[in-house]
Amino acid sequence: VEAKDLRGDLQTQTKWSDGTSSIEELAEAARALGLGYIAITDHTRDLAMARGSDEKKLREQLREIAHINAKLRGFRVLSGAEVNIRRDGSLDISDAMLAQLDVVGVAVHAYFDLPRDEMTRRVLRAIENPHVDILFHPNSRQLGRRAAIDIDMDAVIAAAARTGTVLEINAQPERLDLTDMQVRRACDAGVK
């Protein structure tokens, strides 16, 4: 896969949380790169240090995205969120709000040291939510800073195949998550 093959970006953060650009600035930059769409996936409420969005803020953002889409031609901004998976596997945004978004990504942002069985149950509960589309950085690792969580990735891959959940390949050099072997196993299982 080369840069010219990319059609869109399904994980972007803006000034609404911990990003540095506005929604419109990201859309214009992505369009200039030849992309056809982006999803705005700002962090949600439990990530206070990232100024995470609650339902009220997400509704405001939906209105702004609709306004921007009305101005753009040949490009689409999708509404979304990077939703925190709580310790018990519940999500920090209501199902009613998630149902209004175009793209829902979930991720582990805390309690990285749970035992393998508990971590696996936690992530499986989250991706079995019918509103969840993507599991972001499935191993939650940051190379040189934080080890991967202890999780049964084969169980996660099987659940993703069953639920149609996408497993992100985060190619940022500090993430490289999924690993190459996990990507192969996911592809072999029919996971997007």
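Brief remarks follow.
- Residue-level accessible surface for K56, protein heavy atoms, 1.4 Å, Å²: 130
- Accessible solvent surface per residue of the chain, calculated while the other protein chains remain in place, 1.4 angstrom probe, Å²: 51
- Residue (of V183, A110, A32) at the positive-pole extreme of the chain, dipole from beta-carbon charges: A32
- Residues of type lysines that K57 reaches as a straight line, Cα spacing below 26 Å, ignoring anything fewer than 8 places off in the same chain: K15, K71
- Dipole in debye (nearest 20) - the chain, about Cα centre, beta carbon charges: Lys, Arg +1; Asp, Glu -1: 280
- Accessible area of the stretch 1-154 belonging to carbon and sulfur atoms, whole % at 1.4 Å probe: 48
- Computed about the Cα centre, the dipole magnitude for the stretch 30-108 is approximately 400 debye when only Lys and Arg (+1) and Asp and Glu (-1) carry charge, each at its Cβ.
- Value of relative contact order over the stretch 1-123, rounded to a whole percent, pairs C-alpha under 8 Å and six or more apart: 22
- When you filter the GluC sites (Glu not before Pro) in the stretch 1-67 for DSSP loop state and at most 13 other Cβ atoms inside 10 Å of their Cβ, you are left with E2.
- The stretch 89-192: relative contact order in percent, alpha carbon pairs under 8 Å with at least 6 residues between: 26
- Rounded accessible area of M181 (nearest 10 Å², 1.4 Å probe): 120
- Per-residue HN-Hα couplings for the stretch 167-184 [Karplus 6.51, -1.76, 1.60; θ = phi - 60°; Hz; x = Gly/Pro]: 9, 5, 9, 8, 8, 4, x, 7, 10, 6, 9, 6, 6, 4, 5, 5, 4, 4
- Considering only V166, I151, T41, the residue lying farthest towards the positive end of the dipole of the chain is T41, judged by Cα position with unit charges set on Cβ.
- Trypsin sites (Lys or Arg not before Pro) within the stretch 72-156, DSSP loop, no more than 15 other Cβ atoms inside 10 Å: R73, R87, R145
- Per-residue [θ]222 nm for the chain (sum of -39500 (n - 2.57) over DSSP H runs n ≥ 4, rounded to 500): -10000 deg cm²/dmol
- Axis angle, to the nearest 10 degrees, between helix 116-127 and the longest C-alpha principal axis of the chain: 30 degrees.
- Spin-label pair S22/R146, simplified geometry with 7 Å Cα→Cβ offset, distance in nm: 3.1
- Principal-axis analysis of the Cα atoms of the chain puts helix 55-71 at an angle of about 50° to the longest axis.
The values are calculated or read from the model by the stated rules, or taken from the named source; none is laboratory data. Not measured: the values here are computed from a predicted model. Note: ideal-geometry Cβ built from the backbone for every residue, glycine included; neighbour counts use all protein chains shown. Accessible surface is based on the protein model in full, side chains and every heavy atom, while ligands, DNA and RNA are left aside. Shrake-Rupley method; radii C 1.70, N 1.55, O 1.52, S 1.80 Å.
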